[in-house]
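Working notes, structure below.
The values are calculated or read from the model by the stated rules, or taken from the named source; none is laboratory data. Since this is a predicted model, take the numbers as computed values, not measurements. Note that each Cβ is placed from the backbone with ideal geometry, even for glycine, and that neighbours are counted across all protein chains shown. Keep in mind that these areas ignore ligands, DNA and RNA; they rest on the heavy atoms of the full protein, side chains included. Shrake-Rupley method; radii C 1.70, N 1.55, O 1.52, S 1.80 Å.
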Amino acid sequence: QNEINEVPFFDVQLPYELALKIFQYLGKAELGRCAQVSRTWKILAEDEVLWYRLCQEEGYLLDMSISDHSCWKLALKNCRAREHMLKTNWKNRVGAVSQLRYEPGGVLCDVHSCDGVVMAGYTSGEVRLWDTRAWDYTAPVLAAVPGPGGAGAPPHVSFVRINSSLAVAAYEDGTVSVWSLLLGREPIHHFQHNQRIQALALAPGGAAVATASGFEVKVESPDDKGFWQTPGTFEIQKLVNFLNLVPDVTGSPVAVAAAEDIVYLLKAEDPGKVLHSVYGQPVTCLDVSAHEAAFGVKTFGWLLNEPNQILLYNLETNQCVTKVGNSIGDFSCVSLHNSPPNMLVAGNKDRRVRVFDVRRGAAVCSLHGHQLGVSAARMDEWKVVSGGEEGLVCVWDQRMGTKLWEMHARHPVRHVWFNSHSLITANIPEEKNPRGSGITDDDPSVHRKYQGIIYSYEFSVDQLAVGSVLPICRSSYDELTGYNYNIGLAVPYDSI
């Protein structure tokens, strides 16, 4: 028999291509059993096309072609082993942790991150970047637009936002600067508000920036030639508390703004549409996905049948899809865009973190472990990471409803971001001008305990391994540490 071109299927001889089409409906276990039938079936069951397709279906190595690996069965095995190792390291807190500090910047004002790149703004008016994907990366300080005449101290940074291509910072004096992560340290766009900026938003995957100052919301975006323009300016009846740009929007950008007890849907071609408005029920948190908006509303107790809830609105029909929550405390944070499909996680001032299934309109689990209110929360398929006002970061197993581990720092947790192998948290102080922080009254320095801190965890590094890089060797020792309480080492060391 010709076993090269024809495959024996019991009493029928099939061409190799037809047999391959039959085998493509089998999974990993079935292919392993078929490989034990005969030598011909083993060759067929280990065909690279089958294992490349399985690797793609499970979400591994999506950016590679079939010719990039010689053995896709081994590649899938290695990917699954790495995923299991990362999950085990997450649960057992095995890895490396480093602190992202910038001593000359003063007190930390705001932190944002995207794909491992961290952006931080300080009271000195400086904005700094870290790339946690490469520990030997030199963090640049983004240059600010000089003020009129260059006189006086630079204003504090109010908000920072970053995505895969842009970084945006808003200052106390109403100035907004936009940098391109590909072009360098100089701003590519700059505009000014007459009043203080209450909210700043950056599209997760686009190049649109939205700002709220006073009773005005302004949306800026570049045109096809790269020139920045203002596609929409909206007048709001009340002061904006929360502002988000809808991701994955084709054409003009769309913003969702929460101003006290009114939620607006702002499109460039429309004057501004009221999405939700109930007098006396202010909005306490907001998050937006591609098709929905989730926000928490607060009641003051005279409506006993309507406690504090999270409302989910469809942005296409402008209708309320579901209501979840029914909590006595105020919802302080909600994460919809970064949650799995049909799920959202919310933190509450009653010190609980709740995971909701929006299809059932009910809570899947309720996690209690913070001493004060929850200030940040984020989840994926199996875990939840939450931060509290007391400075506690908790990692939970969402399916078991148990706390895996926790980490405490001095100030409230205002930012939490993670992916499969890394975690970034930021503890930002409430007090930006601490009294008695310097050695003398003329000393502009701020003690470390008042500055706030950014932690970067890397779970793909086994700190118990012999070949791992020690945390002491993760710095280039080129920063200015002005006082003895900032010196971390007794002996200088070289870059390794």
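Considering only protein heavy atoms and a 1.4 Å probe, what is the carbon-and-sulfur percentage of the accessible area of segment 16-90? Walk me through the intermediate numbers first.
Values: 2690 of 4750 Å².
That fraction is 57 percent.
So for Cys34, Cys71, what's the accessible-area order with a 1.4 Å probe, most first? Intermediate values should be presented prior to the final figure.
On the way: Cys34 25, Cys71 55 Å².
So, going from the largest accessible area down, we get Cys71, Cys34.
Express in Å², to the nearest 10, the accessible area of Thr230 obtained by rolling a 1.4 Å probe over the protein heavy atoms while all chains stay in place.
Near enough 70 Å² of accessible area.
Filter the cross-link list Lys91/Lys449; Lys238/Lys298; Lys218/Lys432; Lys42/Lys77; Lys28/Lys403 down to pairs whose alpha-carbon distance in this structure exceeds 22 Å.
Working: Lys91/Lys449 29 Å; Lys238/Lys298 17 Å; Lys218/Lys432 27 Å; Lys42/Lys77 18 Å; Lys28/Lys403 33 Å.
Checking Cα-Cα distances, Lys91/Lys449; Lys218/Lys432; Lys28/Lys403 exceed 22 Å.
As a test of the definition: which semi-axes, in Å, follow for segment 164-263 when you take the square root of five times each eigenvalue of its alpha carbon gyration tensor? Largest first, please.
On the way: eigenvalues 95, 50, 25 Å².
Sorted largest first and rounded, they come to 22, 16, 11 Å.
Let me check against my output: what whole-number percent is the relative contact order of segment 16-90, with C-alpha pairs under 8 Å and at least 6 apart? List each step's numbers first, then the result.
Details: 45 pairs, mean separation 17.2, N = 75.
Dividing the mean separation by the residue count of segment 16-90 yields 23 percent.
Probe 1.4 Å, all protein chains in place: accessible area of Asp173 in Å², nearest 10?
Asp173 exposes around 70 Å² with every protein chain in place.
Return the tail of the calculated pair distribution for segment 16-90, meaning the percent of Cα-Cα pairs more than 17 Å apart.
Details: 1307 of 2775 pairs.
Result: 47 percent of Cα pairs exceed 17 Å.
In what sequence, largest accessible area first, do Trp228, Trp179 appear using a 1.4 Å probe? Working shown, then result.
Numbers: Trp228 50, Trp179 0 Å².
Sorted by accessible area, descending: Trp228, Trp179.
Let me check I've understood the local charge: for Leu423, count other residues with C-beta under 11 angstrom from its C-beta, Lys and Arg +1, Asp and Glu -1. What total comes out? Numbers along the way, then the final one.
Details: positive: Arg93, Arg378, Lys383; negative: Glu458.
In short, +2.
Any idea what the dipole of segment 16-90 comes to, in debye rounded to 20, about its Cα centre with Lys/Arg Cβ at +1 and Asp/Glu Cβ at -1?
On the way: 11 positive and 10 negative charges, 73 e Å.
About 340 debye.
Over segment 16-90, average the accessible area per residue using a 1.4 Å probe and give it in Å², no decimals. It would help to have the intermediate numbers written out before the result.
Working: 4750 Å² over 75 residues.
Accessible area per residue: 63 Å².
Please work out how much accessible surface Phe227 shows to a 1.4 Å probe, ignoring ligands, DNA and RNA, in Å² rounded to 10.
Number for this one is 130 Å².
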